[in-house]
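> Just dropping this structure here.
The values are calculated or read from the model by the stated rules, or taken from the named source; none is laboratory data. Keep in mind that what you see is a predicted model, and the values were worked out from it rather than measured. Note that each Cβ is placed from the backbone with ideal geometry, even for glycine, and that neighbours are counted across all protein chains shown. Areas reflect the complete protein model, heavy atoms only, side chains present, ligands, DNA and RNA absent. Shrake-Rupley method; radii C 1.70, N 1.55, O 1.52, S 1.80 Å.
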Amino acid sequence: MSAAEVELNAEELKGIRDTGLDDATLHASLSETWKTPDGLYGWLATVDHKRIAQRYVVTAFLFLILAGISALVMRLQLASPEAGRVGPDLYNQLFTMHGTTMMFLFAVPMMEGFAIYLVPLMIGSRNVAFPRLNAFSYWVYVSGGLMIWVAFAFNTGADAGWFSYVPLAGPEYGTGKRPDFWAQMVTYTEVSALAVAVEVIATVFKQRAPGMTLDRMPIYVWSALVMAFIILFAMPAVMVSSTMLILDRLVGTQFFNPASGGDVLLWQHLFWFFGHPEVYIIFIPATGFVSAILPAFVRRPVFGYLGIVLSLIGIGLLSFGLWVHHMFATGLPQLGESFFTASSMMIAIPSGIQIFCWIATIWGGRPILATPLLFVLGFIVTFVIGGLTGVMVASVPLDLQVHDTYFVVAHLHYVLVGGAVFPLLGAVYYWFPKITGRMLCERLGKWNFWLVFIGFNATFFPMHILGLQGMPRRVYTYPLESGWGGTNLFVSLCSLVLTAGFGVLFHNVVLSLRRGRLAGDNPWGASTLEWATASPPPSYNFPRIPVVDHREPLWKDAEVLPVAEGLRIDAREVIAGTVADAVPQIRQPSADNSIWPFLAAIAVGVAFLASIYTPWAVVWGSLPVAVTFIGWFWPKAIPEDEE
Ligand code: HEM
Ligand SMILES: [Cu+2]
């Protein structure tokens, strides 16, 4: 960058005070201003997006382990025909807890966690917008997850499937309190997801580094933004429906009871209006990982920036027009079926564009086969297979044949594991050095990849065949004469290979945390801003806010990254700018640590939980909630007052 350009940027920044401090003073004062206090109080009160994000990621991994164990127990039971290791009642709880945990407590929060960690660093800011809401969202999520698993431990695990259809989950057939716990868990996780969505949108739109116009934004940030918008429009549908379910069960409303004018299919419409976009909430940020990882390992920018961004937005919009393909077996009018078949197949177009752009990127580059790139390649192979079976089941006649069989189980795992878990593992290998300051071991990484890739395909590919042979999903056993025993045994054994792959990952993480090679700021020679700061980043992220005039700021042949100065160092501040062009407008105060979000989450959590037992909890429970919110929002002296 020439001196003239720096001057221009500095000109844009007028109105922001220049601190003009040397590095050591700057570091000392910013560390003091942005620090998290030691001890338990600091742990509960921190609003540092990186700490909160790390918690999200670690907690989501713990839920992955729980859900994985339930899957293994299911596979143990299904390994041989007519086995009695797990009874039907426990089996129902197992597949419901597995599916529910994977979707609501693992995949979505994992993606949220990564977004909270990466977005402020990638756009050159010091924290997310609404840092206290961020802290609140984590505690709400974790209490929802704990609640449903504690209930499971007391034999009250949800048992009506991850989509909890009525009337099975309704007042007439739903066992005990089981569906109520499911419905309330949805409320917790959705409150937290909506909070994250609002933070991500506000952060991306308002807090980008000076000069980072929308078309210079990293593709991952675009994907996080699209994810946040999908959350915003999809999640309310399931919150409404789960609340209606709990009202039907607890206070005798009749939303889903046809005898009193209610409608059973209404549940399915509301659920899938959320449920289909849900898979894109998981998949879109995963494609963002791919677009972030690829350039670093093929040494060139991703091919077709505009095409990929438009595809992301296109997928986000289209994802709201497909939900009825989950309901082909409910007897819809022919025209409706054709419409939703067509729209389901249409989504293959933007997905295909992205895949071709990635292939073109690899084609034109010089690929270095490090572990993150292996996972990306594994993702492309696996996801394409899942996409192909997706196009198959989008056609009504075929769907009616394989509906509720293991073909669907195979398909959904190919898209979910292929489309989200593979990129996620790539992302773990890619950003672990940034987050912890240490590299993961490459040799173990290769073992990790091959065990997961081979284990996954060997476990799930044969399920297509089982499905075509007629094996229904959600059955706790099958007769000897069916002839499905051999394949099932093979599948169960291969799931152990997959488990071993995850074992290697956890081993690698534990080992590398202590003994991994030190990473340095930018071990992969990557181009985006998170690599411009230390690993792990300091509490304030960047000593000086970077100024961006390029899509790949760290690949420009500049000796040093241009920076903006002028934020206060004695109070928490971020730069807020215009939405499209990121021209700095104001210095925005950023919230300090506070215990109130934690207390508010407890109050909200207790109210949600108690409302399973009495509707009065909604009334009396709102009092402590109000108190904690008053504490949280108690007016503070704004910086201008102090001056
Ligand atoms: C890691 C290895 C995994 C294994 C061995 C596994 C195994 C299984 C099995 C055996 C079932 C079918 C149960 C039945 O129909 O009887 C199932 C269902 C399901 N799995 Fe997985 N799974 C794994 C990972 C995942 C992941 C990563 C996700 C999502 C991100 C996921 C989401 C689901 C869902 C949504 C269902 C449907 C549950 C229902 O029918 O209500 N699974 N899984
Ligand atoms: Cu769908």
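> Find all pairs meeting these conditions: Cβ atoms under 6 angstrom apart; at least six residues apart or on different chains; first residue within the range 289-311 and over 18 Å from Pro367 (Cα atoms); second residue open to solvent by 30 Å² or more (accessible area, probe 1.4 Å).
Gly307/Ile353; Val309/Trp222; Ser311/Ile353
> Would you check if Gly419 is within 14 Å of ligand 2 (Cβ to nearest atom), farther than 19 Å from Val108 by Cα and of a type outside the set (Ser, Thr, Tyr)?
no
> Sticking with this structure for a sec: In the set Val402, Val409, Val396, which member is more than 21 Å from Ile368 (Cβ to Cβ), β-branched (Val, Ile, Thr) and near ligand 1 (Cβ under 10 Å from one of its atoms)?
So the residue among Val402, Val409, Val396 that is more than 21 Å from Ile368 (Cβ to Cβ), β-branched (Val, Ile, Thr) and near ligand 1 (Cβ under 10 Å from one of its atoms) is Val409.
> Please tell me if Glu11 is open to solvent by 20 Å² or more (accessible area, probe 1.4 Å) and modelled with pLDDT under 95.
Spelling it out, Glu11 is indeed open to solvent by 20 Å² or more (accessible area, probe 1.4 Å) and modelled with pLDDT under 95.
> Something else now. What pairs come out if I take residues in the range 609-620 that are over 16 Å from Gly176 (Cα atoms) and pair them with residues that are open to solvent by 70 Å² or more (accessible area, probe 1.4 Å) whose C-beta lies under 6 Å away, six or more apart or interchain?
Pairs found: Pro615/Val251.
> Search the range 372-384 for residues that are without any contact (Cβ under 8 Å) to a residue 12 or more places away in the chain and pair each with any residue that is open to solvent by 20 Å² or more (accessible area, probe 1.4 Å) when their beta-carbon atoms are under 6 Å apart and the residues are at least 6 apart or on different chains.
Pairs found: none.
> Another question, if that's okay. Could you check how many residues of the range 347-379 are among the aliphatic types (A, V, I, L, M) and within 16 Å of Arg300 (Cα to Cα)?
8
> Looking only at the range 73-128, which residues are more than 17 Å from the chain's Cα centre (by Cα) and of a type in the set (Gly, Ala, Ser)?
Answer for the range 73-128, where residues must be more than 17 Å from the chain's Cα centre (by Cα) and of a type in the set (Gly, Ala, Ser): Ala79, Ser80, Ala83, Gly84, Gly87, Gly124, Ser125.
> Follow-up. Can you spot a residue in the range 210-232 that is under 23 Å from the mean Cα position of the chain (by Cα), β-branched (Val, Ile, Thr), assigned to a helix (DSSP H, G or I) and surrounded by fewer than 18 Cβ atoms within 10 Å (Cβ to Cβ)?
no
> Continuing with this model, one more query. Can you tell me how many residues in the range 249-285 are touching a Ser or Thr at 6+ places or on another chain (Cβ under 8 Å), within 21 Å of Phe114 (Cα to Cα) and either of a type in the set (Asp, Glu) or more than 16 Å from ligand 2 (Cβ to nearest atom) (or both)?
So the answer is 1.
> Can you pull out every residue in the range 251-271 that is within 16 Å of ligand 1 (Cβ to nearest atom) and open to solvent by 10 Å² or more (accessible area, probe 1.4 Å)?
Gln268, the sole residue that qualifies.
> Take Trp139 and tell me if it is farther than 30 Å from Pro171 by Cβ, surrounded by fewer than 24 Cβ atoms within 10 Å (Cβ to Cβ) and not charged (D, E, K, R).
Answer is yes for this residue.
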